[in-house]
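Enquirer: Shown below is the structure under consideration.
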Amino acid sequence: MQRLRDAHARMKAELHHAIVGQEEVIDQLLIGVLTRGHCLLVGVPGLAKTLLISSLAKTLDLSFNRIQFTPDLMPGDITGTDLLHVDPATNERTFRFAKGPLFANVVLADEINRTPPKTQAALLESMVEGQVTVGGRRHPLPNPFFVLATQNPIEQEGTYPLPEAQLDRFMFMIRVDYPSKDEEREILRRTTGGAQGEPNKVLGAEDLIELQRIVRGVPVADHVLDYVLALTRGTRVGSSEQVPFLREWVTWGAGPRAGQFLVLGAKAHAALHGRDHASVEDVRAVARPVMRHRIVTNFSASAEGMTADHIVDRLLKEVDPAGSVGAGLPGVRTAQKS
């Protein structure tokens, strides 16, 4: 556990050679890496989303590829394709698989919403199965494997929004906001002066896999699992366990994958803060990035300015970790007014 915390501190220090501020974003990104989760970074242009991911790749002694998604990008452009090879000695013709840019430990999918659904779907198999299928043959991807994607939330013309099924494959949707005034002053100072520092390598593949194993070994008590279930099942429309206030704002709630990522995120958050077990507070700390892209709001929510983040925040207030329903199980705070 001490090795895990030391590695986390060193990686953050190296990332700050290139990135100013963004502490919460960096922490969430590192939790994703330590739990083998894919992450989607959402923010307006110019907030160093691409720089952050490429800098993270430099702190890891892993292979790295960047894919710039465009409207004319085809699935074979990212997965690879079979090419006809002619042996110059025998003139024998055979097909050989030429690997695409997905064959790397860390893949930066830049502006993922700019490419058509056909190409977006090519990522699904790689993100879930760790492999690609071309010409009826399966090709395993390197281990570890991460897809770290970026998305611009304000420019919608000529874009293809990710469907909910693909959004669900991302462990975290990380919001990247504007820097504070002091942070922006430091950005101006660094980027308009001399050469900037480059992050140094901190972890290799074997070290990272070992740290991922440590994170998964962090114990979780039953009452914490019950709290996770109360959060996820409480968002599901038509369920008897749905939290009442959600009925007027939510069209679709979080599925089982949300619960899995809440538990994994809580384990990593606990380990990085020096605790040998995951608690309810660790679950609450990762609830926003795990659930914000898994709650589909309706027109009433949009009309009243209720975003997914607002709904998650209120959900955390409504669901009582101490348990107001049942014997020691989490329940809804029935005394709390809307």
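Enquirer: Of all residues in segment 251-292, which are hydroxyl-bearing (Ser, Thr, Tyr) and part of a strand (DSSP E or B)?
Expert: Of everything in segment 251-292, just one residue is hydroxyl-bearing (Ser, Thr, Tyr) and part of a strand (DSSP E or B), namely Thr251.
Enquirer: Let me ask you something else. Would you mention how many residues in segment 232-250 are farther than 18 Å from Gly305 by Cα and in a helix (DSSP H, G or I)?
Expert: 3
Enquirer: Here are some residues: Arg169, Arg190, Arg138. Which one is of a type in the set (D, E, K, R) and part of a helix (DSSP H, G or I)?
Expert: The match here is Arg190.
Enquirer: What pairs come up if the first residue lies in segment 167-192 and is in contact (Cβ under 8 Å) with a residue 40 or more places away in the chain, the second is of a type in the set (Ser, Thr, Tyr) and buried (at least 18 other Cβ atoms within 10 Å of the Cβ), and their beta carbons are under 8 Å apart, counting only those six or more places apart or on different chains?
Expert: From residues that are in contact (Cβ under 8 Å) with a residue 40 or more places away in the chain, the pairs are Met171/Thr35.
Enquirer: Also: Among helices (runs of 4 or more DSSP H) lying entirely in segment 1-108, which contain 2 or more residues that are in contact with a helix residue (DSSP H, G or I) (Cβ under 6 Å, 6 or more places away or on another chain) and either at pLDDT below 85 or among the hydrophobic types (A, V, I, L, M, F, W, C) (or both)?
Expert: 2-15, 23-34
The values are calculated or read from the model by the stated rules, or taken from the named source; none is laboratory data. The model shown is predicted, which means the values in this text are computed figures rather than measured ones. As a convention, Cβ positions derive from the backbone with ideal geometry for all residues, glycine included, and neighbour counts pool all protein chains shown.
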